[in-house]
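Have a look at the structure below, then the notes.
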Amino acid sequence: MKICQVERPLVSTNRIAMMEHKHLQVVIDGSSKLVAVDAIGAKPGDWVICVGSSAAREAAGSKGYPSDLTIVGIIDHWPPEGEGD
């Protein structure tokens, strides 16, 4: 699992049928920007828990789903590093 911050939604209307109408989010993992399937309805600024690999596919709805990163939880309180508790 990874802790990431949601930066913004990603709109992709032209995609494979298997991706259905899943919401996508751009998330920040340290200095990297990644695309994650949003299984729970996170919004920009939220700190989230993401899973990868086969757990990401299953969390997105199917082991055959083409995802390698899925948001599975919104963190209630997460101070950014260096800001203390």
| task | Distance from a point 7 Å along Cα→Cβ of L34 to each backbone N in region 48-78: keep the residues under 16 Å and list them by number. | result | 48-60, 66-75
| message | Only counting other Cβ atoms within 10 Å, I'd like E7, E20 sorted with the fewest neighbours first. | response | E20, E7
| query | In what order do D38, D76, D46 fall by count of nearby beta-carbon atoms within 10 Å, going from fewest to most? | reply | D76, D46, D38
| task | Using only C-alpha atoms and all pairs of different ones, pull out the Kirkwood radius for region 2-74 in Å with one decimal. | result | 11.9 Å
| What ranking of I71, I3, I49 emerges when the number of other C-beta atoms within 10 Å of each C-beta is taken as an exposure proxy, fewest first? | I3, I49, I71
| E58-R8 FRET efficiency (beta carbon distance; Förster radius 25 Å; 0.05 resolution) | 0.45
| said: Please compute the contact order of region 4-63 in relative form: average sequence separation of alpha-carbon pairs under 8 Å and at least six residues apart, divided by the residue count, as a percent. | reply: 36 percent
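A short reminder: the numbers here are calculations on the coordinates, not readings from a lab. Please read all numbers here as calculations on a predicted model, not as lab measurements. Cβ coordinates were reconstructed from backbone atoms using ideal geometry, including for glycine residues, and neighbour counts include every protein chain displayed.
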